[in-house]
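Below is one structure, written out as structure tokens; the observations come after it.
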Amino acid sequence: MRFAPTGLAGSFVVHLVRHTDERGSFMRLFDADEFDAHGLPSVFVQTSLSVTYGAGSVRGLHFQRPPHEEVKLVRCLRGAVFDVVLDLRPGSPTRGEWRAATLREGDDLLVAIPAGCAHGFQTLTDRVDLLYQMSAPYVPDHADGVRFDDPAIGIAWPRPVTTVSARDRGWPLHTATIVTAS
């Protein structure tokens, strides 16, 4: 595994190492010692799969409020996404900034999203399956979000946005609290 920092503290694109032979291939998706060495949790309590239809769809930006913040590992199993991490952490030098990575089926990448950051993605293909591992269980009363089109954040989605859930369209603009609060 090779951990490439994204520019947001604690956020990495993890390059998996694929070993191939005449039978096929093998790779580690997780290694507790490697994750510990990079300040990431080595215990994940939930694994989820999202399936999204229709290129241009946006999911997110989602996070859990304290004390239920979660680290997420995200891997694209089918299709392709523009995967976004938004830093919401008080005191972080990159608070209010976002970074993105394109994840594609078969690309041998994971995105590690630190606790206190929001996550969202836009589908680049008509069918996308994303695998998530989370360090904390989902707690509905602590679920929150940031609008995908908040003008102060200015995420440059690569495609026209075609589908967004009513819930994700309803998140308030967090501009003032994200950019100016510490």
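Find out how many positive minus negative residues lie around Val13, taking Lys and Arg as positive, Asp and Glu as negative, among other residues whose Cβ is under 15 Å from that of Val13.
Cβ neighbours under 15 Å give a net charge of +1.
Only Cα pairs under 8 Å and at least 6 apart count here; give the relative contact order of the chain as a rounded whole percent.
This gives 29 percent for the chain.
In whole Hz, what ³J(HN,Hα) sequence does the stretch 12-21 give by Karplus (6.51, -1.76, 1.60; θ = phi - 60°), x for Gly and Pro?
Rounded to whole hertz, the list is 9, 9, 9, 8, 7, 9, 8, 9, 10, 8.
Grab the other residues whose beta carbon is less than 12 angstrom from that of Cys76, score K and R as +1, D and E as -1, and report the net.
-1
Would you give the gap between the C-alpha center of the stretch 12-54 and the C-alpha center of the stretch 72-100, rounded to a whole Å?
Taking the Cα centre of the stretch 72-100 as reference, the centre of the stretch 12-54 is 16 Å away.
Net charge around Val161, counting only other residues with Cβ within less than 12 Å of its Cβ (Lys, Arg = +1; Asp, Glu = -1)?
+2
Taking the structure as given and computing semi-axes √(5λ) of the Cα gyration tensor in Å, which label from (i) 38, 21, 15; (ii) 35, 17, 16; (iii) 26, 20, 15 fits?
Calculated semi-axes √(5λ) of the Cα gyration tensor in Å: the matching label is (iii).
Here, each number is a calculation from the coordinates, and none is a lab measurement. Everything numeric in this text was worked out from a predicted model, so none of it was measured. Methodologically, a virtual Cβ is constructed for each residue, glycine included, from the backbone with ideal geometry; neighbour enumeration extends over all protein chains shown.
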